[in-house]
Amino acid sequence: MTEPAPHAAVEAADIDAAARVVAPFAVRTPLLSFPVLNERVGTKVFLKPEMLQRTGSFKFRGAFNKLSSIPQAARSGGVVAFSSGNHAQGVAAAAQILNMQATIVMPADAPLSKRERTKAYGAEVVLYDRDREDREAIARDIAAKRGATLVRPYDDPLVIAGQGTVGREIAEDMAALGLTPDIVVAPASGGGLIAGVATAVKARFPQAMLMSGEPEAFDDHARSLRAGKREAHQAEGRTICDALMASIPGELTFAINSRLLSHGVTASDAEVAAAVGFVFRELKLVVEPGGAVGLAALLSGRIDAKGKNVVIVLSGGNVDADLYAKLVA
C-alpha cells in the first residue's frame, strides 16, 4: 500500500498522542548537564542524549509511531523505507516489535555498522548508488509491487509527531527544573526532528529560539530559512555527517520549520570531529558526527549563547568504529 506525500499540520496534541504510543517501547532519555561543558562555553547547557535511545538514535520514536498507525489488515504487506542508516534501524526495530516485514533501501556507502544493525533487526536491505540512483523511486517501486506501506523518513505527520516526543520531554524536564529553554538546537537532514522538537517546545515555551544544525556546506535548511522558501544546498562530495546529507528540506517539515525556527547554524567537519572527541573525552558519551553538529556549532562559537539556557539534541550514536577511532584520536 503506497501513500502520497502528506501535507497535514502537526500540532502539540499530535505529539501528546505519539508520546502515549511510544512510551511503553521508547527510552525516555534524560537531560544532562556537565560542569566542564558549562565552563567551556560560559553558560548553562543541557544535552538530550538520543544515542541512549532504542537503536541508538531518535529515529525509533517516529518509526514506531508511524508503524503503529498502520491498520492490521495492511500489515501483512510489510513496510518499505529509504535511509542512510538511523531511520533504517528505527523502522526495522519497530517492524520487529510489531511483527511486520521491513525492507530498507540504503546507500551502498552507508556505514557498515548501520547496514549490519539494520539486518540484525530482521530487515531486508536493498543497496543503491546515491550518486546515480533515486532511493525514493526504488522504495516506491518495491512498495507498489509488494503492497507494502512506504515509511518516509521525515515528510510524514506521524513520523514528525513521534520525533516531537524529544521536544516534549525537553519541555517537561526544563519546566520541572524551573528553567526556560532560551535556545534549542537539533540536527537537520530532512527536518523531521527539528520540526517535531520545535512544535513541542514552542507549545510550552513560545519565546524559545529553535535552530537547525547542519554540516557547513550541506546547509539547505539555513539557506531555505534565510530565503523563505525551500532551497537545495550546493555541496559536492561528502561530509563525515553521513546522516545529514539530504539535498533539500522536506515540504511538510519546511512548512513547519519556516514558521517556528529562528535560523539555522552550521559547523565544519573539523569542528564536528572536535565535538565528537570532546564528548568522548570529557563527557564519556559516544555521539556520531551528524548527532554532534549542534554541539559543534556551540563549541565553535557560532551560537550566541552567553547568559542563556541552551538545549542541544545529540541525535544519535551510530558510528563505525574505525571512523570513530580517527575522530577521537
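The values are calculated or read from the model by the stated rules, or taken from the named source; none is laboratory data. Just so it is clear, the structure is predicted and the values come from calculations on it, not from any experiment. FYI the Cβ positions are ideal-geometry reconstructions off the backbone, even for glycines, and counts take in every protein chain you see. Calculation scope for accessible area: heavy atoms of the full protein, side chains included, ligands and nucleic acids excluded. Shrake-Rupley method; radii C 1.70, N 1.55, O 1.52, S 1.80 Å.
Summed over segment 219-243, the residues that are under 28 Å from Ser113 (Cα atoms), touching a residue at least 40 places away in the same chain (Cβ under 8 Å) and part of a helix (DSSP H, G or I) give a count of 3. Scanning segment 278-329 for residues that are in a loop (DSSP other than H, G, I, E, B), of a type outside the set (Ser, Thr, Tyr) and more than 28 Å from Arg168 (Cβ to Cβ) gives Gly301, Asp320, Ala329. Test Ala275 against the criterion of being small (Gly, Ala, Ser), buried (at least 24 other Cβ atoms within 10 Å of the Cβ), within 26 Å of Leu52 (Cβ to Cβ) and in contact (Cβ under 8 Å) with a residue 12 or more places away in the chain, and give yes or no. It is true that Ala275 is small (Gly, Ala, Ser), buried (at least 24 other Cβ atoms within 10 Å of the Cβ), within 26 Å of Leu52 (Cβ to Cβ) and in contact (Cβ under 8 Å) with a residue 12 or more places away in the chain. The residues of segment 244-272 that are in contact with a strand residue (DSSP E or B) (Cβ under 7 Å, 6 or more places away or on another chain), assigned to a helix (DSSP H, G or I) and open to solvent by 20 Å² or more (accessible area, probe 1.4 Å), listed by number, are Leu260, Asp269.
In segment 93-110, the condition of being out of contact with any Pro (no Cβ under 9 Å at 6 or more places or on another chain), surrounded by fewer than 22 Cβ atoms within 10 Å (Cβ to Cβ), acidic (Asp, Glu) and assigned to a loop (DSSP other than H, G, I, E, B) is met by at least one residue. Scanning segment 37-44 turns up no residue that is closer than 20 Å to Leu193 by Cβ and either assigned to a helix (DSSP H, G or I) or modelled with pLDDT under 95 (or both). Put simply, of Gly316, Gly294, Gly213 the only residue that is touching an Asp or Glu at 6+ places or on another chain (Cβ under 7 Å) and either among the basic types (Lys, Arg) or buried (at least 24 other Cβ atoms within 10 Å of the Cβ) (or both) is Gly316. Residues of segment 136-181 that are in a helix (DSSP H, G or I), under 17 Å from Val21 (Cα atoms) and acidic (Asp, Glu): Glu169 alone. The residues of segment 112-161 that are among the charged types (D, E, K, R) and open to solvent by less than 40 Å² (accessible area, probe 1.4 Å), listed by number, are Lys114, Arg152, Asp155, Asp156. Gly164 falls short on exactly one of the conditions (1) modelled with pLDDT of 95 or more; (2) under 18 Å from the mean Cα position of the chain (by Cα); (3) open to solvent by 60 Å² or more (accessible area, probe 1.4 Å), and that condition is (3). Scan segment 74-91 for residues that are part of a helix (DSSP H, G or I), closer than 19 Å to Ser57 by Cα and not polar (S, T, N, Q) and the total you get is 4. Quick one: how many residues across segment 64-73 are farther than 16 Å from Pro153 by Cα and not in a loop (DSSP other than H, G, I, E, B)? The number of residues fulfilling the criteria is 2. Being in contact with a Lys or Arg (Cβ under 6 Å, 6 or more places away or on another chain) and over 16 Å from Asp155 (Cβ atoms) holds for only one residue in Ala200, Ala243, Ala208, Ala235, and it is Ala200.
Only residues that are crowded, with 24+ Cβ neighbours inside 10 Å and of a type in the set (Gly, Ala, Ser) were counted across segment 65-83, and they come to 2. Run down Arg130, Arg115 and say which single residue is modelled with pLDDT under 95 and under 18 Å from the mean Cα position of the chain (by Cα). That would be Arg115, the only listed residue that is modelled with pLDDT under 95 and under 18 Å from the mean Cα position of the chain (by Cα). Does segment 267-278 contain any residue that is among the aliphatic types (A, V, I, L, M), within 30 Å of Asp14 (Cβ to Cβ) and out of contact with any helix residue (DSSP H, G or I) (no Cβ under 6 Å at 6 or more places or on another chain)? No; the residues of segment 267-278 include none that is among the aliphatic types (A, V, I, L, M), within 30 Å of Asp14 (Cβ to Cβ) and out of contact with any helix residue (DSSP H, G or I) (no Cβ under 6 Å at 6 or more places or on another chain). Comparison of Glu11, Glu50 shows that the only residue that is more than 30 Å from Gly237 (Cβ to Cβ) and within 19 Å of the chain's Cα centre (by Cα) is Glu11. Across segment 192-200, not a single residue is classified as open to solvent by 30 Å² or more (accessible area, probe 1.4 Å) and within 19 Å of the chain's Cα centre (by Cα). Pairing residues of segment 12-24 that are open to solvent by 40 Å² or more (accessible area, probe 1.4 Å) with residues that are hydroxyl-bearing (Ser, Thr, Tyr), at Cβ distances under 6 Å and at least 6 apart in sequence or on separate chains, gives Val21/Ser68.
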